[in-house]
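Data first, discussion second: the structure below is written as structure tokens.
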Amino acid sequence: MKRLYKVELATKLADRVYEYWIHAPQVAHHARAGQFLILRLHETGERIPLTISAVRGDAVRVIFMAVGKTTEELATLRAGDSIKDVAGPLGKPSEIGKYGTCCVIGGGVGIASTPLIAKELKAAGNHVIGIIGARSADLLILEDEMRAICDELYITTDDGSKGVHGFASDVLKGLLNERTIDRVWIIGPAIMMKVTSGVTVPYGVKTYVSLNPIMVDGTGMCGSCRVTVGGETKFACVDGPEFDAHQVDFAELMQRQRIYTSQEKVSLERFAEHQCRCGEGGHHHG
């Protein structure tokens, strides 16, 4: 029997946001900033891509939001439970180099990707500025961790409940006006990446975004993660997930992300019914 991947630690970070440490040595020993893994809960499970947020020994950390059927099911796991498949690390690592001053920006659950990038940039000798934003203070994650890694950390909330009342793009604009920033990384919802990367265009600052289109196999075979970058078709799973933000066709990306909305809704409703029938305590492992 194939060995299963154990959940070592399962923590709820915020409303519907979970942090899992999964025992997956083959991923942990090779993972680099910007890469992701694909997991499958059980034999009949859907494959879902999740960014590798941190590595510790033989374990990798993933942070996700329970939004659809599979992430809702994943959120029922506890420490000691197992996941059938964990494949990775996948995708190209971030383009880490010694650039000078770098800005790493995370929005919402996208903040999960920022510590590893910030850490590697810092190790390469850069001055690292972190900007993390969420809709409100209670949805903000990894603040202490990012504060420990970055030379400077700015916090933004849409509702003003913490830090700067506004968006990451506002803080970035202010920084660009007062000093030189050599590289920018932005990870978050597509619209947030689109708006925030637009801020760096007039300054000519090389900006990277990590794209999260629908992905099935993660090896470039299925083509579901197609994105248009610089007028060319790319596959986020093998050519990315990081791309030059100023070359990305965000309108197409956002349209493609909505492609399965109705199917996802049905799938989630069926799962909720199943959970009710099984009783809340019953973990279903395929």
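Expressed as a whole percent, the accessible area of the stretch 1-131 that falls on carbon and sulfur atoms is 52 (1.4 Å probe).
For the pair Ala79 and Asp244, a Förster radius of 30 Å applied to the C-beta separation gives a FRET efficiency near 0.15, rounded to the nearest 0.05. When the GluC sites (Glu not before Pro) in the stretch 39-84 are filtered for DSSP coil states and for at most 11 other beta-carbon atoms within 10 Å of their beta-carbon, the remaining sites are Glu43. Fully extending the segment from Ser161 to Asp15, taken as 0.36 nm per residue of separation minus the present Cα-Cα distance, adds 51.0 nm. Annotation: per residue accessible area for the stretch 66-133 equals 31 Å², rounded to a whole number [probe 1.4 Å, protein chains only].
Here the spin labels are modelled as points 7 Å beyond Cα on the Cα-Cβ line, and at Glu232 and Tyr99 they lie 2.0 nm apart. Pairs exceeding a 26 Å alpha-carbon distance, out of Lys92/Lys119; Lys12/Lys119; Lys119/Lys173; Lys69/Lys234; Lys119/Lys194: Lys69/Lys234. Charge dipole (Cα centre; +1 on Lys/Arg Cβ, -1 on Asp/Glu Cβ; no other charges) of the stretch 81-122 amounts to roughly 180 debye. One decimal place: the segment Lys173-Leu4 gains 56.2 nm when fully extended, by the rule 0.36 nm per residue minus the C-alpha distance. Put a dot 7 Å past the Cα of Arg135, heading toward its Cβ, do the same for Glu43, and the two dots end up 3.9 nm apart.
The values are calculated or read from the model by the stated rules, or taken from the named source; none is laboratory data. Since we're looking at a predicted model, the values are computed, not measured. All Cβ positions, even for glycine, are placed from backbone atoms using ideal geometry, and neighbour counts span all protein chains on display. Only protein heavy atoms, including side chains, enter the accessible area calculation; ligands, DNA and RNA are left aside. Shrake-Rupley method; radii C 1.70, N 1.55, O 1.52, S 1.80 Å.
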